[in-house]
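Read the structure below first, then the notes.
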Amino acid sequence: MSYYPYLRGRMYDLLALREACEEGDLGQDIIPVIEPVRDSKELQQTVQVLIDHEQPFSVVANPQVSVYGLNDTKLYPLPDLTQYPFFHPSAILAPDFSSEFLAASEGQTSFLIAKNYELLKAYENSRILKKVSGVMIPEVARLHQIVGSKAISLTDPLAFVPHVEDYAEIDDEFFESANWYQQIDNYQGFGDYSMVGSVYFDKGFASRAIALHIIYVTKDGSLRIHHFVSDSNETMSGQKDKFFEALKKLVLWAPDNLKGLNDTTALRELLAYDQQTKFPGLGKVKKLSLKHHFQLMHRLFELKANK
């Protein structure tokens, strides 16, 4: 059973991934899937780090969000990935799909990302589905029926709310069941969008509230996500104060709830800002929250392997 974190390739997503790889916090059971959104130096550098560490990963050949796929000439081209057996070619089953996107070299295995039932149904008996090693799908029965044992679940447990301050009403929610590490219901792997969520916005926008999202494992082995929301949410001003309001809630909650496996170096770095007065910026906060999730999953897979 492998874990496929699905990342949209924004700068701080890539920084979290790159640092986790450099620090040995991924491993062979975690296979990051990057859907590029920008022709950026960060993407190029992150892919090179993954290669240097022989980390299994995938880059979606036909990204469907933002503008990355619209220009064939790149300022920061990616290296030739056909020579690396730990690279997994992948593509989204969309109107621009081509079987060439899934061309795999010796030692490589490819997988498809399919969310549209009608398109997947059209390929049901095709050579493509027979050739790929896996198909990432939402947990929808009619999709699963088509791909069978090649299914890799792709879920988005993070609740989408109209306004950030609405997370204060949710507070704590389910993320992954305790049997995440087992092959159940004929799925060979699982993936998610971490604490970022599947809804993609091309550019950030100001918000009246700031929320910190921390994924953690409970005593029964299930994964949950807790939301820490600022209080002074009447206007959009005062981003620094809002951050420290949310952080203070995390600092008070962490000692009783984020012990043991949950006590990662990324979490400690985030908590340490409580002893400072400088606002690190939301990008860095997001990077640390995502990196914490990577480190936690790596620890969980190591614990499973040592049992």
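The values are calculated or read from the model by the stated rules, or taken from the named source; none is laboratory data. Keep in mind the model is a prediction, meaning the values are calculated, not measured. Reconstructed Cβ throughout: ideal geometry from the backbone, glycine too, with neighbour counts over all protein chains shown. In case anyone asks, the SASA skips ligands and DNA or RNA and just uses the protein heavy atoms, side chains included. Shrake-Rupley method; radii C 1.70, N 1.55, O 1.52, S 1.80 Å.
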Sort out which residues of the stretch 1-26 are over 15 Å from ILE51 (Cα atoms) and touching a Ser or Thr at 6+ places or on another chain (Cβ under 6 Å), and write them in order of number. PRO5
Out of the residues in the stretch 12-28 that are closer than 10 Å to LYS291 by Cα and charged (D, E, K, R), state the one that is least open to solvent (accessible area, probe 1.4 Å). ASP13
When you check PHE57 against the structure, is it surrounded by 14 or more Cβ atoms within 10 Å (Cβ to Cβ), in contact with a helix residue (DSSP H, G or I) (Cβ under 6 Å, 6 or more places away or on another chain), under 24 Å from CYS21 (Cα atoms) and of a type in the set (Phe, Trp, Tyr), yes or no? yes
Inspect all residues belonging to the stretch 29-44 and state whether any of them is within 20 Å of VAL199 (Cα to Cα), open to solvent by 20 Å² or more (accessible area, probe 1.4 Å) and in a helix (DSSP H, G or I). no
When only residues in the stretch 251-307 that are under 29 Å from GLY9 (Cα atoms) and not in a helix (DSSP H, G or I) count, which is most open to solvent (accessible area, probe 1.4 Å)? LYS278
Which condition from (1) touching a Gly at 6+ places or on another chain (Cβ under 9 Å); (2) open to solvent by 20 Å² or more (accessible area, probe 1.4 Å); (3) farther than 24 Å from LYS287 by Cβ is the one that ALA159 breaks? (3)
Quick check, is LEU14 in contact with a helix residue (DSSP H, G or I) (Cβ under 6 Å, 6 or more places away or on another chain), at pLDDT 95 or above and either among the aromatic types (Phe, Trp, Tyr) or in a loop (DSSP other than H, G, I, E, B) (or both)? no
Among the numbered conditions (1) open to solvent by 50 Å² or more (accessible area, probe 1.4 Å); (2) over 14 Å from ARG10 (Cβ atoms), tell me where VAL67 comes up short. (2)
Only one residue in GLU139, GLU165, GLU169, GLU124 is charged (D, E, K, R) and within 21 Å of the chain's Cα centre (by Cα), so which one is that? GLU139
Just to verify a result, which residue in the stretch 142-156, among those that are open to solvent by 40 Å² or more (accessible area, probe 1.4 Å) and touching a strand residue (DSSP E or B) at 6+ places or on another chain (Cβ under 8 Å), is nearest to LEU129 (Cα to Cα)? LYS150
Residue identified as touching a Gly at 6+ places or on another chain (Cβ under 8 Å) and not hydroxyl-bearing (Ser, Thr, Tyr) among ALA94, ALA151: ALA151
Residue tally, condition out of contact with any helix residue (DSSP H, G or I) (no Cβ under 8 Å at 6 or more places or on another chain) and under 15 Å from GLY189 (Cα atoms), over the stretch 132-155: 10
Residues that are open to solvent by less than 40 Å² (accessible area, probe 1.4 Å) and either hydroxyl-bearing (Ser, Thr, Tyr) or assigned to a helix (DSSP H, G or I) (or both), drawn from the stretch 1-11: SER2, TYR3, TYR4, TYR6
Within the stretch 68-87, is even one residue in a strand (DSSP E or B) and more than 21 Å from LYS287 (Cα to Cα)? yes
Taking the conditions exactly as written (modelled with pLDDT of 95 or more and among the hydroxyl-bearing types (Ser, Thr, Tyr)), does TYR84 satisfy them or not? yes
Going by what's in this entry, would LEU75 be described as at negative phi and surrounded by 14 or more Cβ atoms within 10 Å (Cβ to Cβ)? no
